Amino acid sequence: MDVSFERFRATDQDATRHLILEGLRERWGDDFDPPFNRDLDDIQSTYVDAGPVALIGRSDDKIIVSGILLVDGRTGEIVRMSVDASHRRMGLARLMVAELIETARQLSLETVKVATDTPWHSAVALYRSCGFTETGHDETDTHFALQL
């Protein structure tokens, strides 16, 4: 599969919001609460204009993967990772993580952190397989860090 990674643009808003919300809806089922995710209503002003790097992956002109790298001093944090359901198990999440880590290196960051829901076993396994070290967990969240 041919995927091009690029920086988020305002014209990507609707498709990226839809991608992330559909992933959350799938994960949370009946407990999914779209209003809880107001940051996605305007990704440009919430994230991009504030300095973080938002990336999307596109295939055949469709956005199929997303990820955002928040920056705080010398530390980055990966948030809003999502892969379109029809494109999972193809290594796209791993490729997005690699793109975000490379972006962190280019920004001379020292550490990249990420947290995911503990019950999301595939996400926990993804970050471990990408070289992240678990720094803590409980029944709801698992935290990881990667030293660059």
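The values are calculated or read from the model by the stated rules, or taken from the named source; none is laboratory data. These numbers come from a predicted model, not from an experiment. Methodologically, a virtual Cβ is constructed for each residue, glycine included, from the backbone with ideal geometry; neighbour enumeration extends over all protein chains shown.
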Flag for Gly131 being modelled with pLDDT of 95 or more and either part of a loop (DSSP other than H, G, I, E, B) or more than 21 Å from Phe8 (Cβ to Cβ) (or both) = yes
request  = Might you check whether a residue that is at positive phi, without any contact (Cβ under 8 Å) to a residue 40 or more places away in the chain and not hydroxyl-bearing (Ser, Thr, Tyr) occurs anywhere in the range 97-113?
outcome  = no
request  = Return yes or no: is Val112 out of contact with any strand residue (DSSP E or B) (no Cβ under 7 Å at 6 or more places or on another chain), assigned to a strand (DSSP E or B) and closer than 22 Å to Leu148 by Cα?
outcome  = no
note = Checking Ala93, Ala123 in turn, the sole residue that is in a helix (DSSP H, G or I) and within 19 Å of Val3 (Cβ to Cβ) turns out to be Ala93
query = Considering only the range 69-78, how many residues are closer than 20 Å to Asp141 by Cα, touching a residue at least 24 places away in the same chain (Cβ under 8 Å) and of a type in the set (A, V, I, L, M)?
reply = 2
message = Looking at Leu109, Leu126, can you tell me which residue is of a type outside the set (Asp, Glu) and within 15 Å of the chain's Cα centre (by Cα)?
response = Leu126
inquiry  = Could you tell me how many of the residues in the range 93-114 are modelled with pLDDT under 95 and more than 27 Å from Ser59 (Cα to Cα)?
reply    = 0
Single unsatisfied condition, Arg128 versus (1) under 27 Å from Glu6 (Cβ atoms); (2) touching a strand residue (DSSP E or B) at 6+ places or on another chain (Cβ under 9 Å) = (1)
query = Counting just the residues of the range 92-148 that are hydroxyl-bearing (Ser, Thr, Tyr) and surrounded by 18 or more Cβ atoms within 10 Å (Cβ to Cβ), which one comes out farthest from Arg27 (Cα to Cα)?
reply = Thr103
